[in-house]
Amino acid sequence: MALSGNCDQGNRNERERLMLKNLFKFHGGVKPPTNKTQSNTQPILAAPMPSRLVVPLHQSIGGTPRPVVEVGDKVLKGQLIGQADGWISAAVHAPTSGTVAEVAMHVRPHPSGLDSLCVVINPDGKDEWIAHGPADYAAMSPADICSYLQQYGVVGLGGAGFPTHGKLTLTPSVAMEDLIINAAECEPFITCDDLLMRERAEEIVRGTAIFRDMLKPQRVIIGVEDNKPEAIAAMQAAVKQLAEPFSVIAVPALYPAGGAKQLIRVLTGKEVPGAMRSTADMGVQVFNVGTAYAAWRAIGHGEPLISRIVTLTGNVHAPRNYEVLIGTPMDELLKLAAPHPDTDGILMGGPMMGFIVPNRQAPVIKTTNCLIAHSPRFFPPAPPEMPCIRCGACARACPHELQPYELYWFARAKNFGKTQEYHIFDCIECGCCSYVCPSHIPLVQYFRFAKSEIWAREREKNAAESAKDRFEFKQLREEREKADKAEKLAKAAAAQAAKKAAEAAAAAAAPVEGAEALVEPANPAPSQTSTVDAEKEAKKATILAAMERAKAQREAAQIKNTDNLNAQQQRDIAEIEARREVIQPTAAAPANENQA
Amino acid sequence: MSFTTSPHLIKDTSVSQVMIQVCIALMPGILAYIWLIGPAIIVQLFIATASALLAEALMLRLQGKPLSLFLSDGSAIVTAWLIALTFPPLAPWWLVCTGAIFAIVIAKHLYGGLGQNPFNPAMVAFAVCIVSFPALMSQWPSIGLKLTLVEQINIILGFSPSIDALSGATPLDALKTALKLGEGNVDVGHLLANQDIFGNFAGRGWEWVAAGYLLGGLWMLQRKIITWHVPTAFIGAISLISGALWLYNPMQFADPLFHLLSGGTTIGAFFIATDPVSGCTTPRGKLIFGAGAGLLAYIIRVFGGYPDGVAFAILLMNLSAPVIDLLSQPKIFGMKDKKA
């Protein structure tokens, strides 16, 4: 890292040349029309202040931040409005100054169309910042930086929105080899990363340096698809200017080269298995280029993540990139690009993996990289689905080397066990298979169906198992309680019996006194008790005698089947009895023999 | 708008585009065929196509499937053409008609239609007809026999039933018969050089038809309609076994080039064994499938009782394709160095 001057430049060029040569390939991939030139010719423009901002609290993977403001509160730009809940969660801030109008459920930009808790802010138009300034970076420990980034709401801006600080902790047993900045931007139409690199390359490199300081990797590689020459040049210039030993590498434009695992493969040759949760376990960590920028804005300027670059494109007059406040309603934002009248929806993200927002009033969130005005002209509806002819085009296109036609077959047959055997959970839903299918089968939809069915079944199974556990525990508890109760009763009974025995002994020792005691009420307590006992005993005896008499009477009244027998019957009985006398010893004998 | 999920883009491709390209790829072979035999083959192509489409329409109607969508997918036309091109060119009209109808009705639709048939329909038709009508299926027009279109049509339609006088065996059959009759005293090289039925490399004229299919096949490879695996394995296997036996005894066994340009080798390797529906789909599976079909085709044509073995070889491999696919699943991304 201590290289300088010409030597530095020479080494870097040499290294880059070598690295370019050593790029790896991933299997499959497709080349849909990129449609990027419409929106990447004009510089980024700050979007005007919207009439109101709807800031969802849940914008990233992990716990939903807890609101810390109430209706009517005045907030300043950058003020905390949602406190991170748990480690994998990131704070949410007011994008501008104004008044909290609501803390209520509003639609969020998600395919489900479900509502989530949002803080609605009416801007006061002053856009007044909370007191802020650069962090004392040099004095901060890695743990400080992690919690700082969490408090400043920095999350992955590439799509999934994983809290950035969660990726900055090292796996203890694995050496960090490669830090990769993902600037591939392989999805058609999207150009927000392209423009960000062209205009703010230096800050991206500074953000990357923070990640480098945290993870201490052997190499830092910034991977950009080769269809963005201006961005590559800007990044290379910035790297050179800041004298950082980062490699800016042009990777061949091939969708989905910007998938984290595909980019890792292209740049390092490593294949991270689908089941592996964290790429850090393979000594690689990947951050989106926008995330690096946001991290620098947080640390270098003290600005929390309250805005991002969004590409507005598709069926519009004026496609362009805008810097947009988080919480800006999409329909209001899209008007800036003047959508054509036949626009029938808003597509968030790219056309390969994005989704139609169920409600156009949904707000821009931290992971909204692109809004595409949808129209049948741009995205003609798919022709009717034909049967699969097993041509294998999907398998040739699949970057994870799955056999989509087999998965399709099993998913269609609801043979979910087989779909798992054929690795359905390695499917990243990139859409390459659906894209190339000559039978126009919406393969990805079948796979989503299979996955959600499997998840639903797992949930049901888990629910049933915990219900069973609860039931068994309840039974166990009831039995234990019963046993405890019986034990207590037995103890009590034993104590009672012991007491009685003692009293009976005492009563036996003074039987006469008891009788006298009846006429002497002034006698002390013990003798009184024994008098009462004696009285009870007498009563009991009377009762017993009466019962004996009743029993004798009953027996006398009842006719037994052995009474009133005639002579013949009596003889038979006598004979049988005689036989029994003979048989009984004989029957017992074999058992004795066996024992002997 | 209707609810759609990603991806929102689809490539401009379709089943019918694939099938049309297969038909285009057959053109060089068909042109060579016309040059060799005369326009009779066009009549046969027409008869086969019409019968196949009618049978297809009937079956679609019976199943209540949309007629226009499935009739225009082109799959029935490809099947029909393969039947017309593998049957004897002067076969009576009803033979081709029977083959086409059997292929579409029994081999395709009774198994569930497009994409569901376990066996290649054209090859099922060929096997059924050669077993049921062995004489008719073995009568190929003699080389040098010049007939006008009218005469050919009369033969096909059965108006001039003098086919016996006009026809002979295929080059493969001729070689086999000559070797059998010669009982070890005949030399393959001598036969090939001196009999009129043999040309420069294989059967006179037929070698150019085979070369035409080869050309079309290479074009399909370039267009990525097919992959290299099946043709390479198929041709490789035939070359290897024929080469080995030829080196072992050149008196008894013909050279590899003869086998490559004889019978159905090239049309089988590029157009029939590559049928994705009835063949293997994994890369390794395709190699096994192609090699197995090539090997079986050679064994049947040289040691078996039929003039050519390609149809039976492919049907036998169709039979084993599901198991081969099951056992040749490729390792997925990130799992290659793991035993699974």
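Read the figures in this text as sums done on the coordinates, not as results from a lab. Everything numeric in this text was worked out from a predicted model, so none of it was measured. Every residue, glycine among them, receives a Cβ derived from its backbone with ideal geometry; neighbour counts consider all protein chains shown.
Structure notes:
- Theoretical ellipticity at 222 nm over the protein assembly as shown - DSSP helices of four or more residues, -39500 (n - 2.57) apiece, nearest 500: -16000 deg cm²/dmol
- Measuring between alpha carbons in the structure, the pairs from A:216/A:461; A:414/A:468; A:468/A:491; A:418/A:468; A:77/A:270 lying more than 32 angstrom apart are A:216/A:461; A:468/A:491; A:77/A:270.
- Greater than 23 Å apart at Cα, pairs in A:36/A:335; B:286/B:331; A:31/A:240; A:31/A:261: A:31/A:240
- Of the residues B:281, A:419, the one with the fewest other Cβ atoms within 10 Å heads the list, and the complete ranking is B:281, A:419.
- Sorted by Cβ neighbour density within 10 Å, fewest at the top, the residues A:37, B:274: A:37, B:274
- The protein assembly as shown: C-alpha gyration tensor shape, a/c 1.5 cut-off, then a/b vs b/c: oblate
- Segments A:192-202, A:222-232, A:165-175 sorted - mean Cβ within 10 Å per residue, highest first: A:192-202, A:222-232, A:165-175
- For chain B, built as a Gaussian network whose Cα springs stay under 10 Å, the top-fluctuating residue of B:173, B:308, B:12: B:12
- Rg to Rh, two decimals, where the range A:385-485 supplies the alpha carbon set and Rh follows Kirkwood: 1.34
- Whether the range B:177-326 is rounded, prolate or oblate, judged on the alpha carbon gyration tensor where a/c under 1.5 counts as rounded: prolate
- For chain B, the gyration tensor built on C-alpha atoms gives an oblate shape. Its axis ratio a/c (a ≥ b ≥ c) is at least 1.5, and a/b is not larger than b/c.
- Shielding by partners - mean other protein chain Cβ count within 10 Å, residues of A:349-355: 4
- Average partner coverage of A:435-443, which counts Cβ from other chains inside 10 Å: 5
- Average Cα contact separation per residue, the range A:385-485, under 8 Å, 6 or more apart, as relative contact order %: 27 percent
- Summary value for chain A: 14 percent relative contact order, contacts being C-alpha pairs under 8 angstrom separated by 6+ residues.
- Convex hull of the range A:96-228 built on C-alpha atoms - directionally averaged projected area, nm²: 11.7 nm²
- Percent RCO, i.e. relative contact order, over chain B, from Cα pairs under 8 Å lying at least 6 residues apart: 18 percent
- Principal-axis tilt of helix A:142-151 within chain A, Cα atoms, nearest 10 degrees: 90 degrees
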